[in-house]
Amino acid sequence: MVLLSSAEAVDYQEEIRPILNKKCFKCHTGPKAKGGLRMDSLDDFAKRIGGDDPLIIPGDPGKSILSIKAGLPASDGEAMPPPPARERGAEPMTAAELTLVRQWITEGAKLEPGDASATPTAAPTTPAPGAAPMVAELHDWSNTGGGSLKASFVAMNGANVTLRREDGTQFDYPLANLSAGSQALAKKLAGQ
Ligand code: HEC
């Protein structure tokens, strides 16, 4: 099934994790991970996205130390992988890999496709933990690429529409990428 949310966003599992695996996991996995930074544990990694001691600031690759360090030249002692390791063959990210990582951060550094919890803009519409699940009518949505999905309408969010799948996960989708019929439906449901 073609899911609407997979249309454009960079996917962590499919695109980012393989890059980190190839270029960073050697030193950043397991209990002895360098600098205490474990990238293989999704939980540990998730704690460093936003929060008190962030490696990644969702939406801002220019301020995220992970993308900053990965982009530094070998002449800089703060670069990752560290320059001495590069001399022993540890390869830095290629420009294309770094661009993808930066784009993923710009898009909110989500670890799962359509994971609304990591998206600051979606926070106001995310139900509080333990809140009774909202009973909402499911609608059929389609996009300009011919994909379709059953989801309930949550809110209009600027140029995006926030939808919720049957399993309760929420995601934002650009209104402009919906079919004309689905755009009209979103506007009607938003009372516009
Ligand atoms: C050859 C081993 C090695 C490789 C490969 C490596 N690192 Fe590191 N990394 C280290 C060491 C050692 C430290 C701790 C010392 C430091 O911060 O300079 C560290 C620390 C870091 C930190 C700081 C952690 C913190 O909590 O402040 C970040 C961010 C980081 N690495 C990112 C990366 C990224 C991204 C890659 C892949 C492109 C990578 N590293 C690959 C050895 C490595």
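Here are the numbers:
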read-out	value
Hey, Lys69 within 8 Å of the ligand (Cβ to nearest atom) and either buried (at least 17 other Cβ atoms within 10 Å of the Cβ) or not assigned by TED's automatic domain parsing to the domain that holds Gln103 (or both) or not	yes
The range 24-64: number of residues that are among the polar types (S, T, N, Q) and either over 17 Å from Gln13 (Cα atoms) or in a helix (DSSP H, G or I) (or both)	1
Some residue of the range 105-122 being under 30 Å from Gly158 (Cβ atoms), under 22 Å from the mean Cα position of the chain (by Cα), at pLDDT 95 or above and among the hydrophobic types (A, V, I, L, M, F, W, C)	yes
Unique residue being in contact (Cβ under 8 Å) with a residue 40 or more places away in the chain, open to solvent by 20 Å² or more (accessible area, probe 1.4 Å) and either more than 8 Å from the ligand (Cβ to nearest atom) or within 30 Å of Leu163 (Cα to Cα) (or both) when the list is Glu87, Glu97	Glu97
Members of the range 167-184 found to be among the aliphatic types (A, V, I, L, M) and open to solvent by less than 40 Å² (accessible area, probe 1.4 Å), listed by number	Leu175, Leu178
Near pairs, Cβ below 7 angstrom, 6+ apart or cross-chain, from the range 128-147 (in a strand (DSSP E or B)) to any residue that is modelled with pLDDT of 55 or more and open to solvent by 80 Å² or more (accessible area, probe 1.4 Å)	Leu138/Lys150; Leu138/Glu166; Asp140/Lys150
Met80 vs. criteria over 20 Å from the mean Cα position of the chain (by Cα), of a type in the set (A, V, I, L, M, F, W, C) and over 30 Å from Gln170 (Cα atoms)	yes
Residues located in the range 16-27, provided they are within 6 Å of the ligand (Cβ to nearest atom) and either surrounded by 19 or more Cβ atoms within 10 Å (Cβ to Cβ) or outside the structural domain of Met93 (by TED's automatic domain parsing) (or both)	Lys23, Cys24
From Gly77, Gly50, Gly30, residue being in the same structural domain as Glu107 (by TED's automatic domain parsing), open to solvent by less than 30 Å² (accessible area, probe 1.4 Å) and touching a Pro at 6+ places or on another chain (Cβ under 7 Å)	Gly50
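The values are calculated or read from the model by the stated rules, or taken from the named source; none is laboratory data. Quick caveat: nothing in here was measured; it's all calculated off a predicted structure. FYI the Cβ positions are ideal-geometry reconstructions off the backbone, even for glycines, and counts take in every protein chain you see. Surface areas here come from the heavy atoms of the whole protein model, side chains and all, with no ligands, DNA or RNA. Shrake-Rupley method; radii C 1.70, N 1.55, O 1.52, S 1.80 Å.
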